[in-house]
Every structure is written in C-alpha cells, then in structure tokens.
Amino acid sequence: MIKPADLPDMLPVFPLSGALLLPRARLPLHIFEPRYLAMLDDTLKTSGRLIGMVQPHAVPGQEAPVLHAIGCAGRVTQFSETEDGRYLITLAGVSRFRVLQEVEGFQPYRRARISWDGFDRDLGPSERDPGFSRERFMILLSRFFEALNLSTDWDSLKEADDELLINSLSMLLEFKPEDKQALLEAPSLQTRRETLVTLMEFAMRGGDSEDIMQ
C-alpha cells in the first residue's frame, strides 16, 4: 500500500474525457497514441508507477483542453503488449489530487504539479455509507437498466460491498463528463451515491438518456 510520504508532487496526467477512476477501484485502459506510450514507458521506470487521470474540458480561446482541478492517481498494476506495440493496462485507484500547475517540459505528454491535501481518506480502508438502503437502491438500478435496455451481471452487483457497488457503477455508466467529474469530486461515498441516484433518476425521466449506456 502506498503511504502519504511516498506520493510525488508531480504526475504525468492522462486527460481522457468521460473516463473516471476512483480510489480502490480499477480502470482498464487501451494505450496506443505515441505520446501516451512514452508516458507509460516513463511511468514504469518509477517506483510508484502512478498516472493521473484527469477530465479535460474545452475553454474558448484555448487550443488545448484545460484540465479539471481534481483528478485521481492510479498505479499501473497490470500491463500487456500487443503484437503491434499497443498496451493494455489496468490502473488501481490510489488517491484523488488537486492540480496546482501544469509543467512544461520535453516530454510529449502533459505533467502537472499536484497537491494531495484534503484527500487523506482515499488512502484508508473502504468507505461505508451508513444511510445506504441496498434493497431500495437495487430496485432503482433494475428500473434504470430496464428503461435504457441495458444488461449487467446482477449476481456480481449483489455480492459487491457498498463502496465497490457505488464506485463501479459511477465508473462504468457513461454519464456526461461533467457528471463524471461531480461523481469524482463527491466528498464521501454517501454523497457519491446520492449523486448517482440523481443522475439515474434524471436519465429515466428522459434527460439525455441517449448519452447513458452500458
């Protein structure tokens, strides 16, 4: 387990719209762009093997998308190379961070100075949600999947603990990038669950339901 003292003050960042990584969760990624292949190569040479996942957003007048203020660092725990030189990797979520400043350099990928302050809980054990009613939530989830003609492994969802259930759904359901950012920035598991419920209820009422998929 990574200790606070081991966390660096600078990270390579992977700005990927719609991709969400949360602490103690796992995110599979397909790496094929040359700049991100270089990023992965450099990351694997470090002891922490950390990559910062950050949502980008367009700003008028800015050529490159701007990074959101908060992202989540993941440790490369699995990787395999395909015959044509691409990589399939898995990031294990470590902790959220705040972007302080982007750093210019000779690397083809983006890097940022960051702060871990305010996210101490991310390095601890799984969070609990005292007000979570699993039975009521699963009924809503069933209605949501039925309304949007989605399918899932219900046995795995029923066996997952509270944090894994809420975080996995937050990561897998393809809400809009700004909604993903709200799920990332939720200060507690309870707040994330409440946000997730709101997004599902909104989709079932017809709000941008075409953007929600498995």
> What's the number of the condition ALA203 fails, among (1) touching a residue at least 12 places away in the same chain (Cβ under 8 Å); (2) in a loop (DSSP other than H, G, I, E, B)?
Replying inline: (2)
>> Out of everything in region 177-190 that is free of Cβ contacts under 8 Å to residues at least 40 places away in the same chain and of a type outside the set (Asp, Glu), what residue ends up being surrounded by the fewest Cβ atoms within 10 Å (Cβ to Cβ)?
In response: PRO187
> ARG192 passes all but one of (1) among the charged types (D, E, K, R); (2) closer than 19 Å to CYS72 by Cβ; (3) not in a helix (DSSP H, G or I); which number fails?
Replying inline: (3)
> Taking region 1-35 only, how many residues are under 20 Å from GLY124 (Cα atoms) and among the aliphatic types (A, V, I, L, M)?
Replying inline: 9
> Of all residues in region 169-192, how many are within 15 Å of SER126 (Cα to Cα) and touching a strand residue (DSSP E or B) at 6+ places or on another chain (Cβ under 9 Å)?
Replying inline: 0
> Can you tell me how many residues in region 44-76 are among the polar types (S, T, N, Q) and touching a Leu at 6+ places or on another chain (Cβ under 7 Å)?
Replying inline: 0
>> I need every pair where a residue in region 100-127 that is acidic (Asp, Glu) has its Cβ under 6 Å from the Cβ of a residue that is surrounded by 11 or more Cβ atoms within 10 Å (Cβ to Cβ) and part of a strand (DSSP E or B), sequence separation at least 6 or different chains.
In response: GLU102/ALA112; ASP122/SER95; ASP122/ARG96
> Hey, does region 91-100 have a residue that's surrounded by 12 or more Cβ atoms within 10 Å (Cβ to Cβ) and more than 25 Å from PRO28 (Cβ to Cβ)?
Replying inline: yes
>> I need the full set of residues from region 1-33 which are part of a helix (DSSP H, G or I) and either of a type in the set (A, V, I, L, M, F, W, C) or farther than 22 Å from ALA69 by Cβ (or both), in order please.
In response: ALA5, ASP6
>> I'd like to know if region 21-33 contains one or more residues that are surrounded by 15 or more Cβ atoms within 10 Å (Cβ to Cβ), under 29 Å from LEU173 (Cβ atoms) and basic (Lys, Arg).
In response: yes
> Does at least one position in region 36-47 carry a residue that is buried (at least 16 other Cβ atoms within 10 Å of the Cβ), touching a residue at least 60 places away in the same chain (Cβ under 8 Å) and within 22 Å of ASP122 (Cα to Cα)?
Replying inline: no
> Applying the selection to region 146-178, what residues are at pLDDT below 90 and outside any loop (DSSP other than H, G, I, E, B)?
Replying inline: GLU146, ALA147, TRP154, ASP155, SER156, LEU157, LYS158, GLU159
> Which one of the conditions (1) more than 20 Å from ALA19 (Cα to Cα); (2) at pLDDT 95 or above; (3) charged (D, E, K, R) does ARG193 fail to meet, given that it meets all the rest?
Replying inline: (1)
> Is region 130-142 home to any residue that is over 21 Å from ALA203 (Cβ atoms) and in contact (Cβ under 8 Å) with a residue 60 or more places away in the chain?
Replying inline: yes
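The values are calculated or read from the model by the stated rules, or taken from the named source; none is laboratory data. All of these numbers come straight from a predicted model, not from anything done at the bench. Quick reminder, even Gly has a Cβ in these numbers, built from the backbone with ideal geometry, and neighbours come from all protein chains shown.
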